[in-house]
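Participant: Sending over a structure as structure tokens; questions will come in a sec.
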């Protein structure tokens with residue numbers, strides 16, 4: 001009996017401890033070398049907060065991903081360097097795993113949790129959506145006071161691109177050019193040469209014919225046109241149209257070069273996009289189950305060189321198994337300008353409205369971009385322990401016997417184009433794309449304008465849901481345009497599409513008038 | 001109550017973790033329900049955000065998909081609850097009658113195994129079965145001379161497929177519960193029936209089955225409380241972003257996830273959550289009333 005009681009007591013205490021341990025994210029462990037961009041655990045890491053003296057300022061940065069092993073050590077080194085540079089600030093990163101990002105960020109903000117910086121992915125939840133809910137604080141005054149370097153190193157048009165109603169709430173991550181990757185098709189050049197196919201097709205139909213020839217001859221069931229990332233408009237396939245360049249926002253709004261707003265689904269350009277994808281689907285270039293295929297599997301195919309729209313950033317990984325793999329980046333009608341659409345900046349770091357010292361984020365970024373050594377410390381860790389300078393803006397990661405690094409941090413998180421480095425083994429072709437900006441690229445006339453859907457929130461939400469339901473099947477060619485278009489347009493109109501487009505037009509025209517655009 | 005706690009301190013200690021859990025996540029979070037009626041602002045919090053009445057409910061109730069996703073949610077859940085109970089009952093009664101100890105253990109473990117698989121793993125298994133080009137089902141159809149089916153472009157069969165998957169995954173756990181209930185039945189009743197000449201089938205029908213009804217009823221009532229909640233992990237894992245299949249598979253949770261992806265409005269999400277909870281409560285209340293009238297000991301309260 002006594003044994004039973006002891007067992008019951010032990011069990012109850014263990015369960016209680018487990019319940020509390022389950023509530024806490026402390027003590028999360030992961031394999032060494034886990035990249036911060038790898039979705040894995042659903043436990044949020046918590047920084048170990050030390051007592052802060054009166055003068056010391058906290059800079060807590062909420063960032064998606066899994067915490068690398070040595071992240072806390074690098075944070076401590078950053079804090080030390082900040083203090084050595086005369087800034088009494090403590091830098092801490094709070095990692096939230098990818099699979100829990102939306103929910104945990106919402107929860108953090110809803111409960112008024114204090115932090116200074118939060119990473120923003122514009123194509124997931126935009127700066128304006130955070131601003132609309134009061135999640136971010138304006139930083140223009142802080143930029144004037146503490147952001148000399150920051151204002152110089154990021155061009156004015158990029159600041160405007162992330163502004164909401166003329167005010168800045170976030171620091172844009174100006175680390176890479178998107179005009180080339182949005183406007184150019186990148187395909188496996190070696191396969192085109194192998195089958196004597198033209199490497200400068202006149203339009204996407206000719207390109208798809210070439211893809212079909214490759215598929216017939218290669219006999220590899222995984223090799224396809226795996227184009228599903230972000231579900232964004234395929235500008236690269238529409239360059240042959242007379243109306244180029246134009247902008248499509250959220251797959252809902254079409255904005256012409258002249259600034260006319262129309263429902264995207266009712267344009268000839270959308271019809272053309274559907275026709276191109278249907279052509280690819282019928283030729284077997286698009287996988288029949290494309291709508292269900294998981295994103296992670298598609299990313300895997302891209303990393304393994306199975307995507308006919310190849311990714312130059314994956315070249316290093318592809319060449320591990322296919323050393324002769326070559327990529328050609330080609331713009332259909334190359335004489336026309338490149339365009340990044342409405343996303344010249346995909347990532348930014350917002351200043352939280354819950355922060356007791358919102359200036360900390362601006363001070364931190366100003367320090368980060370003021371010296372190559374500061375940027376290197378954040379992006380690659382401690383020199384000599386985590387990385388070595390390989391010269392020519394390249395770095396060599398120091399890894400363990402399994403080839404894993406104890407510290408990684410993506411350049412898309414806080415990098416700057418003048419300060420980022422490429423890995424030592426990365427292909428030479430990557431350098432111009434990664435490190436140079438296309439100064440001649442067409443800048444969309446919607447850049448800087450942020451649509452506030454608040455007054456049509458019910459209709460906007462219904463349209464966003466409906467677009468996936470009835471429009472994407474046509475968009476990816478699974479359902480023929482002729483069969484599905486009328487029905488899907490009707491469903492969109494029932495969802496309130498016209499009202500949403502009208503509201504977008506009203507806000508956009510008011511913004512243009514106000515800003516003399 | 002205090003006397004009872006003093007008398008059974010260890011029993012109360014055992015339920016302490018669950019009590020703390022329910023208190024924290026069931027009661028401490030209740031004040032946040034108010035954001036369903038507010039234009040919630042992170043900075044202003046729940047005490048100072050603007051009150052907007054029922055505006056947050058408009059997005060869902062005015063949606064053209066409201067009836068479709070509500071029907072899908074309730075219909076699929078009814079199918080899930082009903083078929084899982086039926087299969088679990090059949091398997092538990094069969095296993096109870098099986099005499100080979102090793103056979104029983106192996107069968108029980110095999111039935112239970114899918115319960116521990118995540119929906120992500122299950123989704124890959126389902127894809128391996130129903131893939132258009134190299135799926136096992138289509139390969140089989142081709143081998144017998146039948147035409148392959150483009151499963152991921154045909155919404156019709158998916159209700160049946162989802163029910164089959166749910167039965168395969170959840171039956172094992174309910175079998176364990178029902179077997180435990182059968183073990184608790186007084187064996188003298190079965191023995192008396194046997195003495196009176198009852199066959200094994202008659203014993204099952206007239207003794208074991210009626211005595212299992214309260215357990216079945218309670219498990220069903222607990223499931224009915226969640227009848228307005230779609231199994232997001234299951235549906236999103238298996239169907240993904242495939243809009244072609246939505247007419248038969250889109251449930252409230254996947255619809256709200258899709259609609260809120262861009263705006264992430266916590267007030268609208270809370271409004272839908274409140275609707276699901278209220279409907280679940282009404283269903284449990286109604287079902288419990290019926291159970292209290294029709295069964296002996298099968299009601300929750």
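The values are calculated or read from the model by the stated rules, or taken from the named source; none is laboratory data. Because the structure is a prediction, the values reported are computed rather than measured. Methodologically, a virtual Cβ is constructed for each residue, glycine included, from the backbone with ideal geometry; neighbour enumeration extends over all protein chains shown.
Participant: Applying the selection to region A:80-91, what residues are surrounded by 19 or more Cβ atoms within 10 Å (Cβ to Cβ) and either free of Cβ contacts under 8 Å to residues at least 60 places away in the same chain or assigned to a helix (DSSP H, G or I) (or both)?
Facilitator: The answer is A:82, A:90.
Participant: Given (1) away from chain B (no Cβ under 14 Å); (2) assigned to a loop (DSSP other than H, G, I, E, B), identify the lone condition not met by residue A:354.
Facilitator: Failed condition: (1).
For every residue, the table says whether it meets (1) within 14 Å of chain B (Cβ to nearest Cβ); (2) in contact with a strand residue (DSSP E or B) (Cβ under 8 Å, 6 or more places away or on another chain); (3) surrounded by 21 or more Cβ atoms within 10 Å (Cβ to Cβ); (4) on the phi < 0 side of the Ramachandran plot.
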| residue | (1), (2), (3), (4) |
| --- | --- |
| A:431 | no, yes, no, yes |
| A:455 | yes, no, no, yes |
| A:462 | yes, no, yes, yes |
| A:482 | no, no, no, yes |
| A:494 | yes, no, no, yes |
| A:501 | no, yes, yes, yes |
| A:504 | yes, yes, yes, yes |
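Participant: Within region A:300-331, restricting attention to residues that are in a helix (DSSP H, G or I) and without any contact (Cβ under 8 Å) to a residue 24 or more places away in the chain, which residue is surrounded by the most Cβ atoms within 10 Å (Cβ to Cβ)?
Facilitator: A:318
Participant: Also, I was wondering about something else. So, in region B:1-52, of the ones that are in a loop (DSSP other than H, G, I, E, B) and closer than 18 Å to residue B:274 by Cβ, which residue ends up nearest to the other protein chains (Cβ to nearest Cβ)?
Facilitator: B:40
Participant: Are there any helices (runs of 4 or more DSSP H) wholly within region A:141-224 with 2 or more residues that are more than 29 Å from the chain's Cα centre (by Cα), and if so which?
Facilitator: Those helices (runs of 4 or more DSSP H) span A:189-194, A:204-218.
Participant: Still on this structure, please answer the following. Take the residues in region A:101-135 that are surrounded by 19 or more Cβ atoms within 10 Å (Cβ to Cβ) and over 19 Å from residue B:261 (Cβ atoms); name whichever of them is nearest to the other protein chains (Cβ to nearest Cβ).
Facilitator: Taking the candidates together, the pick is A:115.
Participant: Out of the residues in region A:228-240 meeting the condition of being assigned to a loop (DSSP other than H, G, I, E, B) and within 14 Å of chain B (Cβ to nearest Cβ), tell me which one is modelled with the highest pLDDT.
Facilitator: It comes out as A:232.
Participant: Continuing with this model, one more query. Looking at this structure, is residue A:472 over 19 Å from residue A:262 (Cβ atoms) and either within 9 Å of chain B (Cβ to nearest Cβ) or out of contact with any strand residue (DSSP E or B) (no Cβ under 6 Å at 6 or more places or on another chain) (or both)?
Facilitator: yes
Participant: Just to confirm my filter: which helices (runs of 4 or more DSSP H) fall fully inside region B:175-275 and include at least 3 residues that are more than 14 Å from every other protein chain (Cβ to nearest Cβ) and buried (at least 20 other Cβ atoms within 10 Å of the Cβ)?
Facilitator: Filter on region B:175-275 gives B:209-224.
Participant: Let me ask something else. Please work out which one of (1) closer than 24 Å to residue A:222 by Cβ; (2) more than 14 Å from chain A (Cβ to nearest Cβ) is the condition residue B:145 fails and give its number.
Facilitator: Failed condition: (1).
So that you can scan it fast, the table gives a plain yes or no per residue for (1) farther than 30 Å from residue A:407 by Cβ; (2) within 14 Å of chain B (Cβ to nearest Cβ); (3) touching a strand residue (DSSP E or B) at 6+ places or on another chain (Cβ under 9 Å):
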| position | (1), (2), (3) |
| --- | --- |
| A:290 | yes, yes, yes |
| A:312 | no, no, yes |
| A:316 | no, no, yes |
| A:320 | no, no, no |
| A:371 | no, no, no |
| A:384 | no, no, no |
| A:387 | no, no, yes |
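Participant: Considering only residues that are in a helix (DSSP H, G or I) and surrounded by fewer than 23 Cβ atoms within 10 Å (Cβ to Cβ), look in region B:53-68 and name the one that is nearest to the other protein chains (Cβ to nearest Cβ).
Facilitator: Within region B:53-68, the match that is nearest to the other protein chains (Cβ to nearest Cβ) is B:58.
Participant: Take region A:479-508 and flag every residue that is touching a residue at least 40 places away in the same chain (Cβ under 8 Å) and farther than 24 Å from residue B:256 by Cβ.
Facilitator: Those that are touching a residue at least 40 places away in the same chain (Cβ under 8 Å) and farther than 24 Å from residue B:256 by Cβ: A:480, A:481, A:485, A:505, A:507, A:508.
Participant: So for region A:253-267 (the condition being in contact (Cβ under 8 Å) with a residue 40 or more places away in the chain and under 23 Å from the mean Cα position of the chain (by Cα)), does at least one residue qualify?
Facilitator: Scanning region A:253-267, I find at least one residue that is in contact (Cβ under 8 Å) with a residue 40 or more places away in the chain and under 23 Å from the mean Cα position of the chain (by Cα), so the answer is yes.
Participant: Can you find a residue that is assigned to a helix (DSSP H, G or I) and buried (at least 16 other Cβ atoms within 10 Å of the Cβ) anywhere in region A:284-295?
Facilitator: Checked against the condition, which is being assigned to a helix (DSSP H, G or I) and buried (at least 16 other Cβ atoms within 10 Å of the Cβ), region A:284-295 yields no hits at all.
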